[in-house]
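Novice: Once you've had a glance at the structure underneath, I'll fire off some questions.
Each value in this text was obtained by applying a stated rule to the coordinates, not by laboratory testing. Since the structure is predicted, the reported quantities are computational estimates derived from the model, not experimental observations. FYI the Cβ positions are ideal-geometry reconstructions off the backbone, even for glycines, and counts take in every protein chain you see.
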Amino acid sequence: MAMYGDLSLNDDKSKQFYACMLMKMGFVEQDGTVNGQEIVEFMAPQFDREAVASAVETCKNPEGELVNDKIYAFGQCFFTKKTFEI
């Protein structure tokens, strides 16, 4: 079982699950566009708003051939670049 923030499972099914989850939460659009403000507002009550916003800003334009690849790349970047503990 994967831990929160553990994106070591990078097969197609795992990427599809991760993309679906972030879409359902409103964090990304169907085309892979990151809704940074939604992420910041969701996390701000528990984490430093500026730190969350900084990680989102750094990672908000992920690259990937497919939408699931882009969303997965955003997640990898976010959990690598964040400066706070989850």
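Residues checked against (1) among the charged types (D, E, K, R); (2) touching a helix residue (DSSP H, G or I) at 6+ places or on another chain (Cβ under 8 Å); (3) without any contact (Cβ under 8 Å) to a residue 60 or more places away in the chain:
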{"site": "Asn10", "(1), (2), (3)": "no, yes, no"}
{"site": "Gln16", "(1), (2), (3)": "no, yes, yes"}
{"site": "Ala19", "(1), (2), (3)": "no, yes, yes"}
{"site": "Thr33", "(1), (2), (3)": "no, no, yes"}
{"site": "Gly36", "(1), (2), (3)": "no, yes, yes"}
{"site": "Ala44", "(1), (2), (3)": "no, yes, yes"}
{"site": "Arg49", "(1), (2), (3)": "yes, yes, yes"}
{"site": "Cys59", "(1), (2), (3)": "no, yes, yes"}
{"site": "Lys70", "(1), (2), (3)": "yes, no, yes"}
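Novice: Looking at this structure, is Ser8 surrounded by fewer than 18 Cβ atoms within 10 Å (Cβ to Cβ) and in a helix (DSSP H, G or I)?
Specialist: no
Novice: Can you work out which of the residues in region 35-83 that are hydroxyl-bearing (Ser, Thr, Tyr) and part of a helix (DSSP H, G or I) is nearest to Leu9 (Cα to Cα)?
Specialist: Result: Tyr72.
Novice: Select from region 54-86 the residues that are crowded, with 17+ Cβ neighbours inside 10 Å, of a type in the set (A, V, I, L, M, F, W, C) and more than 17 Å from Met21 (Cβ to Cβ) and list them in ascending order.
Specialist: Within region 54-86, Ala55 is the sole residue that qualifies.
Novice: Being within 15 Å of Val40 (Cα to Cα) and in contact with a strand residue (DSSP E or B) (Cβ under 7 Å, 6 or more places away or on another chain) is the filter here; which residues of region 57-86 pass it?
Specialist: Answer for region 57-86, where residues must be within 15 Å of Val40 (Cα to Cα) and in contact with a strand residue (DSSP E or B) (Cβ under 7 Å, 6 or more places away or on another chain): Lys60, Phe74.
Novice: Considering region 18-34 alone, what residues qualify as being exposed (fewer than 15 other Cβ atoms within 10 Å of the Cβ) and not in a loop (DSSP other than H, G, I, E, B)?
Specialist: If the condition is that a residue be exposed (fewer than 15 other Cβ atoms within 10 Å of the Cβ) and not in a loop (DSSP other than H, G, I, E, B), then Cys20, Met21, Lys24 are the ones that fit.
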